[in-house]
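Asker: There's a structure below that I have some questions on.
Just so you know, all these numbers are worked out from the coordinates, no wet-lab data involved. Everything numeric in this text was worked out from a predicted model, so none of it was measured. Glycine also receives a Cβ, built like all others from the backbone with ideal geometry; neighbour counts cover every protein chain displayed.
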Amino acid sequence: MVNYIHAECYKAFRRKYFYGFLMTVLGLAAAFMVLLRVEGLRETQTAEGMIMIQRVSVSELLGILAQLLSAGLYFLMIAADIVFSDQYKHNTLKNEVSYGLTRSRIYLGKLVSSALVAGVLCLILLGGYLVFSCILFPLGDGAGEGFQAFGRWLLMAFPLWMGGLGLFMLLQFVMKNTAATITYVMIVGFLGSGFIDLFTAFLPSLNPVADAVRTISLNTPFTLLMRGRTPEELMGYAWALGMGWLAVTTGVGLVWFQKKEIS
């Protein structure tokens, strides 16, 4: 298993796709920081005739980043796609099975490899964001508390990302890559959107079903966080929800892949 994971990660880290994605996101982050810095140094005249200088601190930028943690549910698709890399299209999955590798090793190996690649992407992207922030902006008075709070947000987000990764990996094995991506976005987006609220507004009798759907949505803890709940309050719920999604989707994926005929 270790050798298989090492081989999968080796292939993933040699793909141009991996570095192209990193450079694109880091470039956009750097452009955002520079524009924010330039705007922050610009003096503006108020209605009272006073001169004000807009200032942004690292703590505030951490708050902005915390509100974007739910985007990790979609970014993880990049890591999984880098690892899976059109296995059905190029028949490499069939070759692995024909070579004698057990199907459970293939499935779990790709899942773990995707998690490792996603972890590397996350570390580099978050590290780049923090480096840009600290270089261009002052730390501010509550920087220490801001970093601690952000660490708690990350700890809450991690199991939800893993749950999403388990779901997307299942879809990758069941469907072709494009179909898997569309289905994943529809499931995660639908369960976390206001469409359910709109639907129940016309059909109030479905409120119990809507409440159940919200409960199992990977987006719900992020939504509650934006509504004023603290990471400490949501930590247990987020871990149970994320690990539940990971366990169920991995179990279903293993059973399905064992029975699938690969042509």
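Asker: Can you give me the distance in nm between label points at TYR99 and THR215, each placed 7 Å from the Cα along the Cα-to-Cβ direction?
Answerer: Each label point lies 7 Å from its Cα, and together they span 4.4 nm.
Asker: Long-range amide H contacts for ARG15: which residues qualify at under 5 Å (H placed 1.01 Å from N, peptide plane, sequence gap of 5 or more or a different chain)?
Answerer: Residues meeting the amide H criterion: none.
Asker: Describe numerically, in nm with one decimal, the distance between label points set 7 Å from Cα along Cα→Cβ at ARG152 and at ALA71.
Answerer: My value for the distance between the label points is 2.4 nm.
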